[in-house]
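Report on the structure given below.
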Amino acid sequence: MTTTPDTGSNAGSIVVLVSGSGTNLQALIDATADPAYGVRIAAVGADRDDIEALSRARRAQIPTFVCRVADFATRAEWDFALTSQVAAYSPSLVVLAGFMKLTGEAFLGQFGGRTVNTHPALLPSFPGMRAPEEALDYGVKVTGCTLFVVDSGVDTGPVVAQSAVGVDDDDTVQTLHERIKTAERRMLVDYVGRMVREGFTVTERKVTIP
Ligand code: GRF
């Protein structure tokens with residue numbers, strides 16, 4: 001699959017989906033202040049209210065929307081609504097930045113191949129919700145973060161980029177996760193910019209940015 005740089009009316013625009021503190025989102029917001037970065041955040045969506053990530057978007061005057069699973073009878077209806085809300089902004093790329101829900105069939109039908117997610121471990125090690133804790137419990141000396149193209153599995157999609165982070169003897173889950181997030185923000189800003197500006201190809205599991 002090839003995703004060439006989008007030259008349409010919404011060229012360079014992304015939608016970012018969030019669930020928490022939004023420091024990865026903030027790194028993207030800060031990067032977009034430089035026109036040379038070539039990316040515009042068209043909207044920020046969340047699966048819950050009252051999170052710092054939404055406040056960060058509002059402070060930056062970026063449109064926001066909230067799509068809560070609890071407001072729908074089925075998960076499929078939620079997924080369909082989320083898809084429509086993202087589609088309204090015609091993004092070139094969708095970025096899941098700490099978004100704690102799995103997107104479903106409708107979403108992947110429309111945005112599969114142009115949705116990326118960031119994960120706080122070196123996949124395929126430690127997929128799922130407790131990656132820094134599981135890395136620490138396992139006793140690994142190196143962990144890190146992974147940017148990948150979302151598919152229907154849990155953290156299974158083709159890898160775009162990875163960054164390694166050392167584990168210190170006295171690390172707690174919090175100190176380790178914070179060190180990973182510092183690397184994660186750098187990786188996210190770098191690769192989202194490159195993917196949007198230059199396009200990318202996915203051939204089987206190989207992601208290439210020309
Ligand atoms: C990141 O480490 C992300 O990979 C994980 O949750 C964290 C989100 O951090 N899923 P933030 O909300 O961007 O600060």
- Residues located in segment 62-101, provided they are among the polar types (S, T, N, Q), in contact with a helix residue (DSSP H, G or I) (Cβ under 7 Å, 6 or more places away or on another chain) and at positive phi: none
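State yes or no: is residue 177 touching a helix residue (DSSP H, G or I) at 6+ places or on another chain (Cβ under 7 Å), over 19 Å from residue 16 (Cβ atoms) and within 12 Å of the ligand (Cβ to nearest atom)?
When the stated conditions are applied, residue 177 passes them.
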- For residue 12, the lone unmet condition from (1) over 24 Å from residue 145 (Cα atoms); (2) of a type in the set (Gly, Ala, Ser); (3) touching a Phe, Trp or Tyr at 6+ places or on another chain (Cβ under 8 Å) is (3)
- If we keep only residues of segment 69-110 that are more than 21 Å from residue 40 (Cβ to Cβ) and assigned to a loop (DSSP other than H, G, I, E, B), then the residue nearest to the ligand (Cβ to nearest atom) is 100
- Item | Of residues in segment 111-152 being surrounded by 15 or more Cβ atoms within 10 Å (Cβ to Cβ) and at positive phi, the one farthest from the ligand (Cβ to nearest atom) | 113
- Within segment 113-154, track down each residue that is closer than 18 Å to residue 203 by Cα and not polar (S, T, N, Q). 113, 114, 116, 147, 148, 149, 150, 151, 153
- Message: Looking at segment 33-61 only, could you name the residues that are surrounded by 19 or more Cβ atoms within 10 Å (Cβ to Cβ) and either among the basic types (Lys, Arg) or in contact with a helix residue (DSSP H, G or I) (Cβ under 9 Å, 6 or more places away or on another chain) (or both)?
- Response: 39, 41, 43, 44, 45, 46, 53, 56, 57
- Report yes if some residue within segment 189-206 is within 20 Å of the chain's Cα centre (by Cα), closer than 16 Å to residue 142 by Cβ, surrounded by fewer than 20 Cβ atoms within 10 Å (Cβ to Cβ) and of a type outside the set (Lys, Arg); otherwise report no. no
- Item | Sole exception among (1) without any contact (Cβ under 8 Å) to a residue 24 or more places away in the chain; (2) among the aromatic types (Phe, Trp, Tyr); (3) in a helix (DSSP H, G or I) for residue 65, by number | (3)
- Looking at this structure, is residue 101 of a type in the set (Lys, Arg) and surrounded by fewer than 16 Cβ atoms within 10 Å (Cβ to Cβ)? no
- Message: Considering only segment 118-135, I want to know if a residue exists there that is under 23 Å from residue 34 (Cα atoms) and either in a loop (DSSP other than H, G, I, E, B) or touching a Pro at 6+ places or on another chain (Cβ under 8 Å) (or both).
- Response: no
- Message: I'd like to check something: does segment 76-92 contain any residue that is closer than 17 Å to residue 149 by Cβ, aliphatic (A, V, I, L, M), surrounded by fewer than 23 Cβ atoms within 10 Å (Cβ to Cβ) and free of Cβ contacts under 8 Å to residues at least 60 places away in the same chain?
- Response: no
- State the number of residues belonging to segment 153-210 that are assigned to a loop (DSSP other than H, G, I, E, B) and either on the phi > 0 side of the Ramachandran plot or basic (Lys, Arg) (or both). 4
- Note on the structure: Expected output for segment 164-182 (first residue crowded, with 19+ Cβ neighbours inside 10 Å, partner of a type in the set (Lys, Arg), Cβ below 7 Å, 6+ apart or cross-chain) is 165/179; 167/141
- Of the residues 205, 197, which single one is touching a Pro at 6+ places or on another chain (Cβ under 6 Å), modelled with pLDDT of 95 or more and basic (Lys, Arg)? 205
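The values are calculated or read from the model by the stated rules, or taken from the named source; none is laboratory data. Everything numeric in this text was worked out from a predicted model, so none of it was measured. Because the Cβ atoms are built from the backbone with ideal geometry, glycine has one as well, and the counts that use them run over all protein chains shown.
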